[in-house]
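The values are calculated or read from the model by the stated rules, or taken from the named source; none is laboratory data. Just so we're clear, the structure is a prediction, and the values are computed from it rather than from any experiment. A quick note on method: Cβ atoms are made from the backbone with ideal geometry, for glycine too, and the neighbour counts reach across all protein chains shown. Ligands, DNA and RNA are excluded from the accessible area calculation, which covers all protein heavy atoms including side chains. Shrake-Rupley method; radii C 1.70, N 1.55, O 1.52, S 1.80 Å.
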Amino acid sequence: MKTIPIALAGFALVAGAMPAAAQDRWDWRPGERAYDLRGPGVPILFPELRDNPRGRAFVMRNFDFNGDGFIDPREARAADRAFAEAAGPRRDRFDWRARDRGPVVETDTRWDRGAMRDYHFRQTPRGAMLTLQEDVLFQTDSDVLRPGAVEKLRPLAAYLRGNPGVRVAIDGFTDSRGSVAHNQDLSERRAASVRSAFDAMGVTRARFSVAGHGEAQPVASNATPAGMRLNRRVEVTLLGQRADGFAR
C-alpha cells in the first residue's frame, strides 16, 4: 500500500500540544488559496482566526457546514470552540506550523467488493445510502469518533479513492433528548467528524456535502430507548449510485 505524508487536522500528533479530543477532527492545512470570511458570524470569531490567513482557512475548511461560503453565528461558535480546545489558554501563542507535521495517509485505490456489500446499502432517491448508528461511531452526546469507527469507514474510503468521480452526502441526526439547538449542533459536528475521517484516509473533502438535521427526520419513535437509538445516526449517501450495484 502506498502512503504519502500529509498534514491533516485530526492526525497531526504533536506530543503535549493539544488534547486528544482535538487531534481527531480538524483540517489544519494552510489554504491552497486565500480565504475571505463573510457572513454574520465573522465578528464572533476569535481574532486569531479572523485576522490570520491560516485561521481563515481553518474556519472555511472545517466550519462552513452547508458549503455556502458564509459563516453564520452557529458555525463561528463551533470554530471558536474547536480552536480554544486546541490552543488552550494562550490562543495568541498558537503554533500553526506545528500542525503541518502530519502522518501518512493511504492512497491505495484498490477496494474490496465484499466489504462494500457488507455495508448493506439501500436505494434512496439521491443514491446508495448506508446508515451508521451512534454506538458504532460515537460515545453518547459526543462528536469524537470511537477508535473502531475509522476501521468501519476504511473500506468505503478505499472505494472512494478508487472511484474519484463519486460524490458523497453525509447527514447527521440525533434523537429528541436535549434542546433543539444542542441537537442541531451535535448532528452537524458528528457529520463533520465523519468527513474529517475520510479526509484523513485520502479522500478529498471537496467531494463531500455535510449537513446536520438535529432531531428532525426520525426513523423511529423517540418514546422508547430502541427508537432513540435508531434515530441517533449518520447517513452516508453515494450520490447517483445504485445500491444493487454493491449487492453482487
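Summary table
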read-out	value
Residue match in segment 234-247 (condition: in contact with a helix residue (DSSP H, G or I) (Cβ under 7 Å, 6 or more places away or on another chain) and at pLDDT below 90)	yes
Breaking point among (1) at pLDDT 85 or above; (2) acidic (D, E); (3) open to solvent by 20 Å² or more (accessible area, probe 1.4 Å), for E85	(1)
Residue match in segment 79-98 (condition: of a type outside the set (F, W, Y) and touching a Ser or Thr at 6+ places or on another chain (Cβ under 7 Å))	no
Positions within segment 121-140 being surrounded by 12 or more Cβ atoms within 10 Å (Cβ to Cβ), part of a loop (DSSP other than H, G, I, E, B) and not basic (K, R), in sequence order	F121
Criterion: small (G, A, S), farther than 27 Å from G69 by Cα, touching a residue at least 40 places away in the same chain (Cβ under 8 Å) and in a helix (DSSP H, G or I) - qualifying residue of A192, A226, A158	A158
Set G148, G127: member being modelled with pLDDT under 90 and over 29 Å from A76 (Cβ atoms)	G148
Of all residues in segment 195-221 being assigned to a loop (DSSP other than H, G, I, E, B) and farther than 27 Å from S179 by Cβ, the one that is modelled with the lowest pLDDT	T204
Those residues of segment 201-248 which are polar (S, T, N, Q) and open to solvent by 30 Å² or more (accessible area, probe 1.4 Å), in sequence order	T204, S209, Q217, S221, N222, T224, Q241
Residues satisfying the stated conditions in segment 54-69, i.e. in contact with a helix residue (DSSP H, G or I) (Cβ under 9 Å, 6 or more places away or on another chain) and surrounded by fewer than 18 Cβ atoms within 10 Å (Cβ to Cβ)	N66, G69
Count of residues meeting criterion [at pLDDT 90 or above, within 21 Å of R195 (Cα to Cα), in contact with a Gly (Cβ under 8 Å, 6 or more places away or on another chain) and assigned to a helix (DSSP H, G or I)] in segment 58-73	1
